[in-house]
Amino acid sequence: MYFLMSLLFTVNLSSTTAILPKFLLDLSFDINQITFSGCLSQMFYIYFMAIFESGVILSMALDRFIAICRPLQYNNIMTPRLLLQLAFIGVARSALFVSPMVILTSRVHFCKSNIILNFVCENMGILSLACGDISKQQAVGLMVRILVTVIDVSLLLLSYSSIIYTAMKIAVGKARHKALHTCGAHLTVATMIYVSALLSSIVYRMQTHISYDIQNLFNAIYLMLPASLNPFIYGLGVKEIRRCFSRSRNKKNTMISSSMRIQVNEKFVLRFSAEK
């Protein structure tokens, strides 16, 4: 569980790092230029991390399924070797899905404006500047989005429906509450990710009816909101992490209080010596 959570947070940090520094530079110093190769690289990285994040969410669902439905076999199934294999499969799947999109987009002939009214390099935003037939590129992008969403959501629903069924049938009291709480947190994150991606895709395909500001808003929600909320949903939602956080906070407060007492005592000694 901790390995998968750290992997999810690493994905969130990496994906936002590909966006936020350039975005902040654009806002602060009006450095709103990027090369075509740099734009394609950012596009690859964003989509790669989005699909890999979906794979990590699937791995977390598998982990919870085995922990609740096959508890006696958990240590034999969820080994470090299996976790590394799942991570490798996620990387390979992301590269397999994203590479055709980027390659096809790089071969498009551009003759319109070189300005994208967006703060990130999205596939549809780049293709909107293209001349000629781009139906193949649009079809591939839509097919990748549908395949990833349908396959991953179907597997997630299958996994969590089995978990909830098992928890309601077998577990009682605190065990049932813990299982349902875990499922609720995971489903909240998964729903947030897939709904944000779906809304972003719909908004982009309705660009003639929706302003660019609204498109950018939905892009920001899709790219940044899950990464901002995951540490609170997963990190503070885990009892052990919450305890460590509380201990470190209490230790820090104790150190601050001790430092203040030392400073007060030093002032008292200095004043006393002066009076004497």
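The values are calculated or read from the model by the stated rules, or taken from the named source; none is laboratory data. This one's a predicted model, so the numbers in the text were calculated from it and none came from an experiment. Neighbour counts run over all protein chains shown; Cβ positions are idealised from the backbone, glycine included.
With respect to Ser154, determine if the residue is assigned by TED's automatic domain parsing to the domain that holds Ile68, assigned to a helix (DSSP H, G or I) and surrounded by 16 or more Cβ atoms within 10 Å (Cβ to Cβ). So Ser154 fails the test.
Of all residues in the range 81-98, those satisfying the criterion of being free of Cβ contacts under 8 Å to residues at least 40 places away in the same chain and in contact with a helix residue (DSSP H, G or I) (Cβ under 8 Å, 6 or more places away or on another chain) are Leu86, Ile89, Gly90, Val91. Report yes if Ser6 is under 16 Å from the mean Cα position of the chain (by Cα) and without any contact (Cβ under 8 Å) to a residue 24 or more places away in the chain, otherwise no. Yes.
The requirement of being exposed (fewer than 13 other Cβ atoms within 10 Å of the Cβ) and at pLDDT 85 or above is satisfied by Ser37. Of the conditions (1) loosely packed, with under 13 Cβ neighbours inside 10 Å; (2) in a helix (DSSP H, G or I), Ile68 satisfies every one except a single condition; which number is it? Of the numbered conditions (1) loosely packed, with under 13 Cβ neighbours inside 10 Å; (2) in a helix (DSSP H, G or I), the odd one out for Ile68 is (1).
In the range 42-50 there is no residue that is surrounded by fewer than 20 Cβ atoms within 10 Å (Cβ to Cβ), out of contact with any helix residue (DSSP H, G or I) (no Cβ under 8 Å at 6 or more places or on another chain) and among the polar types (S, T, N, Q). Has the range 95-107 got at least one residue that is of a type in the set (A, V, I, L, M), part of a helix (DSSP H, G or I), touching a Ser or Thr at 6+ places or on another chain (Cβ under 7 Å) and closer than 26 Å to Lys22 by Cβ? No - not one qualifying residue is present in the range 95-107.
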